Amino acid sequence: MKKYNPTSPARRQMEMVGFKFTDTKPLKGLTGFIHRSSGRNSFGRITVRHRGGGVKRLFRQVDFLYDKKEIGGKIEAIEYDPNRSAFIGRVLYRDGERRYVLLPQGMKVGSVFIVSERAPIETGNRLLLKNIPVGTRVFNIELTPGMGAKLIRSAGGFAEVLATEGDYTQLKMSSGEIRRVSSAGWATVGSLSNPERSFVSIGKAGRMRHMGRRPTVRGAAMNPREHPYGGGEGRQPRGTRRPKSMWGKIIGGVKTRRNKRTEKFIIKRRK
């Protein structure tokens, strides 16, 4: 982690990940601008509060499909992506094509990998789940074969292969959940880069504004008509038996998952 000289109260608390990226600009052919909704739906109404503003972000087209099989690739550069928590690597394949991929922890400039059913169990290589031994850490996991990576894509994340039985592989997620995934799907060996991200200290409110996060008012500081925690003479406890949102909905200790179609794939719930 990188600390700063205490030139101001905010600077005293600020901590960032001290990682040195390759001194290159992002590839023009793999970048572009995308529309940011700032928490609003198609009618322009706010559906997610406290979003908006922030600095402009250049979108990087990260390859989650990994359709270049049996063609080796080499990490040409390591870059920062403002749209995701993990670092990205610029890959040069043997056929001359360049793409962006999520960078595994431990890989650096010059590291090589391959997408193959017969690839060795090494960091960065991508194999079928049924060919990955028990106890191996994986990320960029396909839920449906051929549809691209959907699970474990954020900084420091990984899942552990527990067993392979028939058409399904059992995976233990970072949350503790154990679920079944098709063993014909692909996954990348290793864990994702930037595991120190959880130790970052923002330091000041201005950095949150740069990140596109607007100020948040505590419910206890509101009036009674605006929030269940509002009102009272001075500081008061919340006054409700269960924690609630500003609309009165219980938000703690309540199951919110209502997807019966995929219930059969979950063996053990997360804590």
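The values are calculated or read from the model by the stated rules, or taken from the named source; none is laboratory data. Since we're looking at a predicted model, the values are computed, not measured. Glycine also receives a Cβ, built like all others from the backbone with ideal geometry; neighbour counts cover every protein chain displayed.
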- Query: Does region 168-182 contain at least one residue that is without any contact (Cβ under 8 Å) to a residue 24 or more places away in the chain, farther than 30 Å from Leu103 by Cα, out of contact with any Lys or Arg (no Cβ under 6 Å at 6 or more places or on another chain) and not basic (Lys, Arg)?
  - Reply: no
- Looking at this structure, is Met208 under 19 Å from Val48 (Cβ atoms) and outside any loop (DSSP other than H, G, I, E, B)? yes
- Query: What is the residue count in region 113-142 for residues that are among the hydrophobic types (A, V, I, L, M, F, W, C), assigned to a loop (DSSP other than H, G, I, E, B) and over 24 Å from Phe87 (Cβ atoms)?
  - Reply: 1
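For every residue, the table says whether it meets (1) touching a residue at least 40 places away in the same chain (Cβ under 8 Å); (2) assigned to a loop (DSSP other than H, G, I, E, B); (3) surrounded by 14 or more Cβ atoms within 10 Å (Cβ to Cβ).
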position: Ala187; (1), (2), (3): yes, no, yes
position: Gly203; (1), (2), (3): yes, yes, yes
position: Val217; (1), (2), (3): no, yes, no
position: Asn223; (1), (2), (3): no, yes, no
position: His227; (1), (2), (3): no, yes, yes
position: Gly253; (1), (2), (3): no, yes, no
position: Arg261; (1), (2), (3): no, no, no
- Note on the structure: For region 104-121, pairs from a residue that is among the polar types (S, T, N, Q) to a residue that is exposed (fewer than 12 other Cβ atoms within 10 Å of the Cβ), with Cβ under 9 Å and 6 or more apart or across chains, are Ser116/Glu70
- Query: Can you name the condition, by its number, that Val55 falls short on among (1) free of Cβ contacts under 8 Å to residues at least 60 places away in the same chain; (2) touching a helix residue (DSSP H, G or I) at 6+ places or on another chain (Cβ under 8 Å); (3) of a type in the set (A, V, I, L, M)?
  - Reply: (1)
- Task: Say whether the condition of being farther than 30 Å from Glu122 by Cα and either surrounded by 11 or more Cβ atoms within 10 Å (Cβ to Cβ) or modelled with pLDDT of 95 or more (or both) is met by at least one residue in region 56-74.
- Result: yes
- Residue count for region 27-41, restricted to those that are surrounded by 12 or more Cβ atoms within 10 Å (Cβ to Cβ), of a type outside the set (S, T, N, Q) and either free of Cβ contacts under 8 Å to residues at least 60 places away in the same chain or in a strand (DSSP E or B) (or both): 2
- Of the listed residues (Ser193, Ser198), the one being within 22 Å of the chain's Cα centre (by Cα) and surrounded by 14 or more Cβ atoms within 10 Å (Cβ to Cβ) is Ser193
- Every residue from region 229-239 that is within 18 Å of Ile250 (Cβ to Cβ) and either surrounded by 12 or more Cβ atoms within 10 Å (Cβ to Cβ) or basic (Lys, Arg) (or both): Tyr229, Gly230, Arg238, Gly239
- Determine whether region 8-30 contains at least one residue that is closer than 26 Å to Ile132 by Cα and of a type outside the set (S, T, N, Q). no
- Item | The one condition in (1) surrounded by fewer than 20 Cβ atoms within 10 Å (Cβ to Cβ); (2) under 18 Å from the mean Cα position of the chain (by Cα); (3) of a type in the set (Val, Ile, Thr) that Ile121 fails to fulfil | (2)
